[in-house]
Amino acid sequence: MTAFNAFSFGWGAKENYNDILRPFYDALYRSNLDVDFIDPTSTDIEKYKLIIVPALYAAPDSLLNRLNRFVKNGGNVVYTFKSGFSDENVKVRPAVQPGIINEACGISYSQFTIPDNVSLKGDPYKVGKEKNQVKNWMELVTPTTAKVLASYDHPVWGKYAAITENKYGKGTATYIGCMTSNSLTEKIIQETVKNAGLWGPNQEIAFPVITKSGVNQYGKKIHYYFNYSSSPGNFTYPYNGGTDLLSNTRIDKNARITLEPWGMKIVEE
């Protein structure tokens with residue numbers, strides 16, 4: 001974070017690390033995906049199926065090699081631009097970029113620029129013209145073994161990849177070489193979550209209806225539903241039948257539920 005904030009997108013750029021990280025967290029939150037924050041001191045990253053790595057600008061070789069092994073052993077990683085660029089002392093790696101992780105990502109690049117009226121060719125994520133634009137930063141990525149998921153719509157840079165996916169060992173590494181709109185980010189994350197086998201019944205319910213789950217002191221599963229909206233929220237309850245604890249009424253599996261504006265339900269299976 002410190003390294004990225006020092007260099008950002010070049011002289012005079014106002015964007016900081018949170019501008020990169022937050023849209024990815026928001027995309028997960030809006031899709032009702034539970035998230036842990038982990039860092040290089042974590043000793044158990046191997047327990048995860050999917051790790052999202054926003055702008056890992058400065059990192060030691062050991063961490064990048066560990067992430068490569070994570071993918072090789074069956075994990076899924078999503079990297080953004082400016083990952084692997086320098087070591088822990090913010091010394092630019094004199095190697096193929098993105099440094100070290102290019103092995104798992106199956107890509108390379110030697111040039112980057114600031115996009116001006118650049119979008120993804122063919123609107124691959126179906127978000128519409130305005131939301132299909134890229135902004136602030138774009139790396140001119142060349143795939144080596146990676147599959148191109150999106151390329152730039154530009155008369156000169158159109159030959160370069162914008163987003164790639166690479167099978168490496170038993171896992172998959174996705175690389176996002178440009179800063180995407182929030183809508184694009186959300187679509188990309190949803191696709192990677194599905195490919196990682198993590199898309200479940202909660203993901204069929206999306207913002208503004210947010211759901212969380214837990215286990216109470218009696219060992220019973222509890223599901224919470226919040227409507228963050230001034231309009232009614234509708235969803236299908238996907239779990240075993242239970243009781244709405246706020247109204248003491250029965251909720252059957254696959255029942256269609258309407259939440260009043262700003263309303264909530266707590267269901268005990």
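The values are calculated or read from the model by the stated rules, or taken from the named source; none is laboratory data. All of these numbers come straight from a predicted model, not from anything done at the bench. Ideal geometry is used to build each Cβ from the backbone, glycine not excepted, and the neighbour counts take in all protein chains shown. In case anyone asks, the SASA skips ligands and DNA or RNA and just uses the protein heavy atoms, side chains included. Shrake-Rupley method; radii C 1.70, N 1.55, O 1.52, S 1.80 Å.
Determine, at each q value in 0.21, 0.27, 0.35 (inverse angstroms), the log₁₀ of I(q)/I(0) that the Debye formula gives when each Cα of the stretch 134-173 is one equal point scatterer. Here log10 of I(q) over I(0) equals -0.65, -0.91, -1.22. Each semi-axis of the equivalent ellipsoid for the stretch 69-163 is √(5λ) with λ an eigenvalue of the Cα gyration tensor; in descending order they amount to 24, 16, 12 Å. Beyond 14 Å, what share of the Cα-Cα pairs of the stretch 42-98 remains, rounded to the nearest whole percent? Summing the P(r) of the stretch 42-98 above 14 Å gives 54 percent of all pairs. With all projection directions averaged, the alpha carbon convex hull of the stretch 7-131 covers 9.4 nm².
Taking 20 °C and 1.002 mPa s as conditions, the stretch 166-210 diffuses translationally at an estimated 175 µm²/s according to Stokes-Einstein applied to its Kirkwood radius (Cα pairs). Computed from the Cα positions only, the extents of the stretch 110-255 along the three principal axes stand at 64, 41, 23 Å, in decreasing order. Counting only lysines at least 8 places from LYS221 when in the same chain, those with an alpha carbon closer than 16 Å to its own are LYS212, LYS253, LYS265.
Annotation: PHE112 carries an accessible surface of approximately 90 Å², with a 1.4 Å probe and no ligand, DNA or RNA atoms counted.
For the chain, the longest principal axis of the alpha carbon atoms and the long axis of helix 182-195 meet at an angle near 80°.
The count of lysine pairs in the stretch 1-97 whose Cα atoms are under 26 Å apart, excluding pairs fewer than 8 places apart on the same chain, comes to 8.
Probing with 1.4 Å while keeping every protein chain in the model, the per residue accessible area of the chain equals 52 Å².
Spin-label pair TYR29-ASN240: with each label point 7 Å from Cα along the Cα-Cβ axis, the two points sit 3.2 nm from one another. Highest mean packing first, where packing is the average number of other Cβ atoms within 10 Å per residue, the peptides 196-202, 68-74 line up as 68-74, 196-202.
Relative to the longest principal axis of the Cα atoms of the chain, the long axis of helix 17-30 makes an angle of roughly 30 degrees.
A cut-off under 11 angstrom between Cβ atoms defines the neighbours of MET179, and their net charge, with Lys, Arg +1 and Asp, Glu -1, is -1.
For the stretch 1-54, the Kirkwood estimate of the hydrodynamic radius, built from every pair of different alpha carbons, is 13.0 Å.
Estimated purely from DSSP H runs of n ≥ 4, each contributing -39500 (n - 2.57), the mean residue ellipticity at 222 nm for the chain is -5500 deg cm²/dmol once divided by its residues.
Other residues lying with their Cβ under 14 Å from the Cβ of TYR29 contribute a combined charge of -1, Lys and Arg counting +1, Asp and Glu -1. Which percent of the accessible area of the chain is formed by carbon and sulfur heavy atoms (probe 1.4 angstrom)? Result for the chain: 49 percent of the exposed heavy-atom area is carbon or sulfur.
Highest-first packing order for the peptide set 30-42, 171-183 is 171-183, 30-42, based on the mean count of other beta carbon atoms within 10 Å. Taking max minus min of the alpha-carbon positions on each principal axis, the chain gives extents of 64, 42, 33 Å, largest first.
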